[in-house]
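Derivation of every value follows stated rules applied to the coordinates shown; laboratory data play no part. Everything numeric in this text was worked out from a predicted model, so none of it was measured. Note that we place each Cβ from the backbone using ideal geometry, even for glycine, and neighbour counts take in every protein chain shown.
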Amino acid sequence: MSTQNNRRTGTLNHRFTQRLRVLLDQQGYPASIRDRSKALSIRLGVFESVASALLTGSEMPDFDVLMSLCELTGKSPGWFLDAGKESLPARTRLVRCVGPGEELAICLPTTLYEGRVDEQQALNYYRAVRAMGFGVKAGDFIFTVDAELQPHALAKGDLYLVGSEHGYDIRRCVHTGGDRAALTTFDGKQVQTIRKHGLREVQADFQESGLGNDLHHFGKIIAVLKGVANLPTTAEAWDLLV
C-alpha cells in the first residue's frame, strides 16, 4: 500500500511542478532554478527554500501557498492538481502512432503550431527504427499531419513521411509546378514524380519508383523529437545534421 501511495504522490508532485513551470515560463520568470526561486519567493511571500522545493517537486504547497499561487497565476487549484485533460494547456493534442506504439499527448510550441497545423488535422507520429536520412536516426520520433498526395497540395522544401509495404521513408519535395511535383531521397539518388490523378494512379507512381505496393501513409513532417542517444556531440556532427 505504501508503494502505491508513494507512486501517486510522485505523480501528483510531477504534475504540479510541470504545470507551475509552464506558467512561470509564460510569465517570463528567470530560467535558472536559483533566480526563479528567488523571484517566486518574493511574489508568494515565502522563504526561497520553499519556492525551490515547489519548483523541483520535492514538496507540495500547503493550502495557503496553493491559494497564493492561484491568485498569482489566475488558475484554479484543479488546474495544478487534477489529472483531467481540461487542466492541460489549450493546444495539447492526442497523437496516434502510425505504426505499433502508444498514444501520446503533446503541446506543440506556438512557433511550430501556427501556420503548419490546422485545428482539424489529426497529428500522428512514427518512431524511426533505422537511419532515414535528413538527420533522422533510429529512436527519433517523427511528428506528421496527414497530407494530400497531389501536386497542388505539396510544398517545395517540405519533408514527407511515406509508408508502404517496404516500410517508412522520408522524402523532400524539390519541385512543384503545373500538374507535377517531385520528391527525392536525402541522397538525391531516387526522384519520384507525382502527377495529378486519382488514387489508383498515385499507387502506380509509387510502384514505378520502387517504394512498393500498398501505400498506407503520407504525412507532412512538422517536427522531429530526437532520442537522447542521437544528439550530436561534436561541431562536425551538428553541421551534418543541419
(Q) At a 10 angstrom cut-off on C-beta neighbours, averaged per residue, how do the peptides 25-32, 63-70 rank from highest to lowest? (A) 63-70, 25-32
Q) Points 7 angstrom from Cα along the Cβ direction at residue 11 and residue 134: gap in nanometres? A) 3.6
Q. Which links in 38/137; 38/226; 38/75; 75/137; 75/156 stretch past 31 Å when you go from one Cα to the other?
A. 38/137; 38/226; 75/137; 75/156
Q: Starting from the Cα of residue 92, step 7 Å along the direction of its Cβ; do the same at residue 165; then give the gap between the two resulting points in nm.
A: 4.2
